[in-house]
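Q: Just dropping this structure here.
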Amino acid sequence: MEMARRLGASIAMDPVMDDVDSVIKDETNIGVDIAVVAAGNAPAFAQAMRSVRKGGRICLFGAPPIGSKHELDLHDAFTRQIRIVPSYSCVESEIQETLQLISEGKVDLAILITNRYRLQQAVEALENARSPTSGVKTVIKSARS
């Protein structure tokens, strides 16, 4: 929650503690324009479907596990004109633009690194990174870095 606010979110919710559907309805009246599914799992996709407004978009950004399935109400998607857009990667120009923003200090990636480990702790680092509550990003540093 604190991380979301530090990164500029005007509203931050904990899906375990908050009724996300109610908060979105109260704050927007019609739903969100775009829902980005970064978790790559069926419950996150279902939440996105409930959250977007008529004509809204869902960006599937997080890679779902192989064989992942979600039952989709095609009539609902059709009548609400929901656009589902997968985003597997980006183009070279977007990479260059991102690197430029980082080099100019306009994007601070340090805030996203929540766990740091030495190379000797690699097994522990990987185990921790697999935990859904471990943080945002984990970095394993070599002895020279």
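The values are calculated or read from the model by the stated rules, or taken from the named source; none is laboratory data. In this text, all values refer to a predicted model and were calculated from it rather than measured experimentally. Every residue, glycine as well, gets a Cβ built from its backbone with ideal geometry; the counts of neighbours run over all protein chains shown.
Q: Hey, among A46, A39, which residue is surrounded by 14 or more Cβ atoms within 10 Å (Cβ to Cβ) and over 21 Å from G8 (Cβ atoms)?
A: A46
Q: Do we have any residue at all in region 121-141 that's free of Cβ contacts under 8 Å to residues at least 12 places away in the same chain and more than 30 Å from D14 (Cα to Cα)?
A: Within region 121-141, not a single residue is free of Cβ contacts under 8 Å to residues at least 12 places away in the same chain and more than 30 Å from D14 (Cα to Cα).
Q: Residue under question is S51, and the condition is that it be polar (S, T, N, Q), surrounded by 14 or more Cβ atoms within 10 Å (Cβ to Cβ) and at pLDDT 85 or above; does it hold?
A: Yes; evaluated as a whole, the condition is true for this residue.
Q: Here is a follow-up. Could you tell me which numbered condition L109 fails, if it satisfies all but one of (1) over 28 Å from T133 (Cα atoms); (2) hydrophobic (A, V, I, L, M, F, W, C); (3) assigned by TED's automatic domain parsing to the domain that holds P132?
A: The failed condition is (1).
Q: While we're looking at this one, here's another question. Considering only residues of region 88-100 that are within 29 Å of Q47 (Cβ to Cβ) and surrounded by fewer than 12 Cβ atoms within 10 Å (Cβ to Cβ), which is modelled with the highest pLDDT?
A: Kept after step one, since they are within 29 Å of Q47 (Cβ to Cβ), are these residues of region 88-100: 88-91, 94, 98.
Next, from what is left, pick out any that are surrounded by fewer than 12 Cβ atoms within 10 Å (Cβ to Cβ): 88-91, 94.
Values: Y88: 78, S89: 77, C90: 77, V91: 82, E94: 87.
The selected residue is E94.
Q: Further question on the same structure: When the residues of region 115-134 are narrowed to those that are surrounded by fewer than 14 Cβ atoms within 10 Å (Cβ to Cβ) and within 25 Å of M1 (Cβ to Cβ), which ends up modelled with the lowest pLDDT?
A: It comes out as P132.
Q: Sticking with this one: Which one is modelled with the highest pLDDT, of the residues in region 12-29 that are loosely packed, with under 11 Cβ neighbours inside 10 Å and part of a loop (DSSP other than H, G, I, E, B)?
A: Looking at the filtered set, the residue picked out is N29.
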